[in-house]
1. Taking a ≥ b ≥ c as the square roots of the Cα gyration tensor eigenvalues, with a/c under 1.5 meaning rounded and otherwise prolate when a/b beats b/c, else oblate, which class fits the stretch 14-235?
2. Would you mind checking the pairs 88/171; 16/88; 103/143; 14/88 and listing those with alpha carbons more than 25 angstrom apart?
3. Loop only per DSSP, at most 15 neighbouring Cβ atoms within 10 Å: give me the GluC sites (Glu not before Pro) in the stretch 329-398, ordered by residue number.
4. In nm, to one decimal, how far is the residue 145 label point from the residue 75 one, both placed 7 Å along Cα→Cβ?
5. Among residues other than residue 124 whose Cβ falls under 12 Å from its Cβ, what is the net charge (Lys/Arg +1, Asp/Glu -1)?
6. So what's the gap between the Cα centers of the stretch 9-36 and the stretch 90-153, to the nearest angstrom?
7. Would you mind counting up the charge near residue 202? Only other residues with Cβ under 13 Å from its Cβ, with Lys and Arg at +1 and Asp and Glu at -1.
8. Net charge within 14 Å of residue 313 by Cβ-Cβ distance, Lys/Arg positive one each and Asp/Glu negative one each, not counting residue 313 itself?
Amino acid sequence: MDHEMEVLRPPGSKDKLRRFVGDNLGVWIPSVPVCEHHDAPMDYLWYAYRADFAPMRNKHPHALLEGTARRVGSNGDCIVWANRAGGKTQLAAVASLLEGLFKPGCQTRILAGSLAQSGRMFGYLRNFVQQRFGEHLDGKLLKESCRFVNGSAVEVLSQSARSVRGQHVQKLRCDEVELFDTDVFNAAKFIVQGNDRQVAAMELLSTMHRPYGLMRQVIDDAVENDVPIFKWCVWEVIEQCTQERSCSRCPLNDDCQGKARRARGYLRIDDVISQMRRSSRNGFEAEMLCLRPNLENAVFGEFDERQHVRPVGYDASLKLYRAMDFGFTNPFVCLWIQVDGDVVRVIDEYVQKKKIIAEHAGVVKQRTPCEEAQVAGTFVDPAGRARNGVTGTGEVKVLADFGIQCRYRTSEILEGLEKVRAKVQDGENDHLIDALRYFFVNYNQSKPARCGNY
């Protein structure tokens with residue numbers, strides 16, 4: 001006599017879903033947000049699961065589900081920004097299993113920053129299936145894919161544009177987005193498509209490692225496009241701290257401030273203490289507290305947009321300076337700068353590639369908000385004196401022909417960066433920073449800068 005497969009009923013509330021996962025998989029997902037404006041990991045799982053059961057899809061037999069504070073729009077896209085050891089990969093595997101069990105015909109794909117990372121997520125899924133739900137499979141459980149008897153399937157994609165292109169699926173989970181190749185990520189944006197039973201969903205999960213990396217861009221775009229962001233840090237996933245521990249003697253106290261007393265997670269407090277002691281302060285803030293990206297390798301590690309970026313325009317009562325960095329394949333840069341007491345204002349910038357210096361000169365003069373004779377100084381790279389391999393003449397000479405008199409002073413790169421750091425305290429060492437460096441090297445020097453008169 002054939003064994004009759006167990007009939008599973010989809011959980012109809014967040015609490016029931018949490019109990020289903022805990023009872024069947026032994027994974028009890030933290031459900032209490034601790035920090036202000038943060039979410040609990042369970043909030044993400046409920047959102048991902050509920051997307052296809054939303055009341056707006058009332059023709060679905062399981063439409064009457066508990067509400068959620070998060071909006072349910074035309075798709076199930078979302079971002080997960082969480083700490084290291086925050087359970088992102090395991091949670092995404094749980095979400096993929098739920099689709100296999102409760103969403104007939106749903107096609108789910110896993111794509112990560114590396115094949116090894118994709119394998120980690122699928123490894124969780126494989127263990128869950130073997131642990132409890134093997135009878136629901138259609139065929140063998142393969143190394144990188146599995147099919148369920150209801151027609152749904154989960155498969156791992158490799159980190160390549162060729163693997164991604166041509167796919168048309170309902171769900172795509174991108175793990176450790178910060179490590180993605182940009183071309184692969186851009187190709188992946190087009191592969192999810194909804195059907196009569198499931199909405200399309202592209203989920204992006206990662207910590208934020210880099211100050212100006214892909215995850216930062218993803219977060220900025222999500223805010224602009226109203227895509228839900230689920231964010232949690234170590235305090236949402238740490239184990240509850242008991243009264244046996246003294247806050248005043250705890251190494252975590254400066255950051256914790258009692259948060260661990262309210263936590264209901266799984267991450268051992270002693271492990272977090274060890275991680276904090278092993279890492280730098282910047283690393284711990286980025287990887288565990290999710291306060292900001294890791295700025296350890298940034299040239300100006302203290303840059304803060306809230307402090308250093310604000311609307312500013314031309315002030316006719318202040319002197320105007322320009323600073324330039326020459327380039328052709330690399331961009332030509334011109335900055336317009338004014339100084340008000342101790343504050344240095346960059347009021348405009350021009351960045352352009354693959355144009356000759358004569359074209360740049362015309363734009364610079366046009367965008368300068370005062371007469372050329374009123375410009376207090378145009379500071380440039382001393383290398384502009386040499387003949388350019390593209391134009392056959394020096395940039396300084398061409399600018400002089402257009403009435404732009406350049407000044408320059410030879411200096412070491414570190415000298416200029418230290419002058420910028422003293423005023424700004426962050427950024428990346430790119431061509432705009434080079435232009436700014438030339439300004440600080442030349443501005444207010446006791447030894448006069450050389451002028452490019454030919």
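Bear in mind that the values in this text are calculations on the coordinates, not laboratory data. What you see is a predicted model, and the numbers here were worked out from it, not measured in a lab. Neighbour counts run over all protein chains shown; Cβ positions are idealised from the backbone, glycine included.
1. rounded
2. Too far apart for the 25 Å limit: no listed pair.
3. In loop regions of the stretch 329-398 (DSSP not H, G, I, E or B), the sparsely surrounded GluC sites (Glu not before Pro) are 371.
4. The two pseudo-label positions are separated by 2.3 nm.
5. Computed value for this residue: +3.
6. Here the two parts' Cα centres lie 19 Å apart.
7. Neighbourhood net charge equals 0.
8. Result for the neighbourhood of residue 313: -1.
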